[in-house]
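For reference, the structure discussed in these notes is given below.
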Amino acid sequence: MITVVGTGTGAPPAEDVLGAAELVVGGQRHLDAVPLPSGAERVVLGPLAPALDRIEAYVGKQAPVVVLASGDPGFFGIVRVLAERFGAGLLDIRPGVSSVAAAFARARLTWDDAVVVSAHGRELRTAVNVCRAQAKVAVLTGPGSGPAELGAALVHSERVLVVASALGDPARERVERVTPREAAGRDWGTAVSVVLCLDEARTSEGVRTVAGPGVGPAGWALDEAGFAHRDSMITKFEVRALALARLGPRLGDLVWDIGAGSGSVAVECARLGAAVVAVEKAGDGIERIRANAAAHGVDVRTVHGSAPGVLSELDDPDAVFVGGGGRDLPAIVAGCALRARRTVVVAMAALDRVPAVREALTGAGFGCDGVLLQSSRLAPLPGDVTRLAATNPVFLLWGVRPQEPDDIKGVAQ
């Protein structure tokens, strides 16, 4: 039997299993914090493979093994690895209080509405995008993905970071509230347990039924009446519906909306969980985008400027929507295609620009497809009758970057 014991943050020492253990595995601080039997072999966790091999040797002779871990070892912890190697039936799991639960408790906050994301041994970009999109996030940190790096990526956002260090250690525990800019300017050392990222203007302490970020929107491709816009200059909902399907915005993604206008596509992507940057050259357009985002309760970062020039200041996106036209459209699409990790979707009314846009997508190595959307809406006529009112036709092209086998595996995980 392998007993996995969560330590620290208020967990009991589990002396009953420790006293009988013939092998004890854990980090140095875990091993130093509990009484160990004098005859037991001790393995300090570093690389996992050697420790797993030693555990396998003891399991083979049916000797009791104890693995010490931080907090709740079933929450982004070692339980997954042990279960994959030895089978869940061999595990006796005794969880402690997770660092996430402890951090929210120290901050005096509920966390049933929080999103938890790990940046430990993983790319930081997913955690950053979740923090940009969600109002309450806990980030499990690691080397190169700590408060300084997270703060540097969030300097343009209105967020508060709560940095919890050495949780469960009365002598060293610290919980500090800082701005992203303050976090970016400090050396936080190696004792950070978790970082909470809060958009206090959008957090709510109301009654919850389902844990997590909340139920997704009941619908999308919202009616144009749901957005402030100028002279009907807005991506129509029929076009928006297919554009959203091809963009595939989701939690952890970053989406660019280029030539955002009213920001209807940006807002809809944010409602579906993505982090969004809306680029617009008109000052009054920027104000409309902000107003529409606020009206729908989402956070959309706005950038006032013209593409492709301002794009160099932005992080690489997963998906890009390009609306509008203009002579620079092929160059804008080409610039976006060089940066997009997954897809670029382009809406245009001018037939003349379709070949150049298609060439820009295929020239960047994207597979390209598209449709001409022509729809007619029901419209009332005098005498209680109805006619069909045609909307302007729109070309929608999309380019999809071919995925390598590793990319597909990463998405599945």
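Does region 333-363 hold any residues that are within 20 Å of residue 281 (Cβ to Cβ) and out of contact with any helix residue (DSSP H, G or I) (no Cβ under 8 Å at 6 or more places or on another chain), and which are they?
349, 350
Suppose the filter is of a type in the set (Ser, Thr, Tyr) and without any contact (Cβ under 8 Å) to a residue 24 or more places away in the chain; does residue 203 pass it? Quick ask: steps written out before the conclusion?
On the way: of a type in the set (Ser, Thr, Tyr): yes; without any contact (Cβ under 8 Å) to a residue 24 or more places away in the chain: no.
Taking the combined requirement at face value, the residue does not satisfy it.
Need the failing condition index for residue 62 against (1) touching a residue at least 40 places away in the same chain (Cβ under 8 Å); (2) on the phi > 0 side of the Ramachandran plot, just the number.
Only one criterion in (1) touching a residue at least 40 places away in the same chain (Cβ under 8 Å); (2) on the phi > 0 side of the Ramachandran plot is unmet by residue 62, namely (1).
Taking the condition on the phi < 0 side of the Ramachandran plot, free of Cβ contacts under 8 Å to residues at least 40 places away in the same chain and out of contact with any Phe, Trp or Tyr (no Cβ under 8 Å at 6 or more places or on another chain), does residue 306 pass?
So residue 306 passes the test.
On the basis of being buried (at least 20 other Cβ atoms within 10 Å of the Cβ), outside any strand (DSSP E or B), in contact (Cβ under 8 Å) with a residue 60 or more places away in the chain and not β-branched (Val, Ile, Thr), does residue 360 make the cut?
In short, no.
If you scan region 62-92, which residues turn out to be under 29 Å from residue 175 (Cα atoms) and more than 29 Å from the chain's Cα centre (by Cα)?
Passing the criteria: 67, 68.
In region 363-390, how many residues are loosely packed, with under 14 Cβ neighbours inside 10 Å and on the phi < 0 side of the Ramachandran plot?
18
Read through the list (1) surrounded by fewer than 23 Cβ atoms within 10 Å (Cβ to Cβ); (2) more than 26 Å from residue 272 (Cα to Cα), then give the number of the only condition that residue 104 fails.
Exception for residue 104: condition (2).
In region 331-352, which residue that is open to solvent by 70 Å² or more (accessible area, probe 1.4 Å) and not hydrophobic (A, V, I, L, M, F, W, C) is nearest to the chain's Cα centre (by Cα)?
Only one residue tops the list, namely 341.
Need pairs with beta-carbon distance below 6 Å; first residue more than 19 Å from residue 1 (Cα to Cα) and within region 25-49, second modelled with pLDDT under 85 and open to solvent by 30 Å² or more (accessible area, probe 1.4 Å); sequence gap 6+ or separate chains.
From residues that are more than 19 Å from residue 1 (Cα to Cα), the pairs are 34/13.
Determine, yes or no, whether residue 23 is touching a Phe, Trp or Tyr at 6+ places or on another chain (Cβ under 7 Å), at negative phi and open to solvent by less than 20 Å² (accessible area, probe 1.4 Å).
Values: touching a Phe, Trp or Tyr at 6+ places or on another chain (Cβ under 7 Å): yes; at negative phi: yes; open to solvent by less than 20 Å² (accessible area, probe 1.4 Å): yes.
So residue 23 fits the description; yes.
Checking residue 395 against (1) open to solvent by 30 Å² or more (accessible area, probe 1.4 Å); (2) in a helix (DSSP H, G or I); (3) hydrophobic (A, V, I, L, M, F, W, C): exactly one of these is not met. Which one?
Result: residue 395 fails condition (2) only.
If you scan region 340-366, which residues turn out to be modelled with pLDDT under 95 and either among the charged types (D, E, K, R) or closer than 18 Å to residue 245 by Cα (or both)?
348, 352, 353
For region 255-262, state whether one or more residues are free of Cβ contacts under 8 Å to residues at least 60 places away in the same chain and more than 16 Å from residue 277 (Cβ to Cβ). Spell out how you get there, then give the answer.
Of region 255-262, the ones free of Cβ contacts under 8 Å to residues at least 60 places away in the same chain are 262.
Cutting the leftovers down to more than 16 Å from residue 277 (Cβ to Cβ) gives us none.
The answer is no, given that none of the residues of region 255-262 is free of Cβ contacts under 8 Å to residues at least 60 places away in the same chain and more than 16 Å from residue 277 (Cβ to Cβ).
The values are calculated or read from the model by the stated rules, or taken from the named source; none is laboratory data. This is a predicted model, so every value here is computed, not measured. All Cβ positions, glycine included, derive from the backbone under ideal geometry; neighbour counts span all protein chains shown. Side chains included, ligands, DNA and RNA excluded: accessible areas come from the protein's heavy atoms. Shrake-Rupley method; radii C 1.70, N 1.55, O 1.52, S 1.80 Å.
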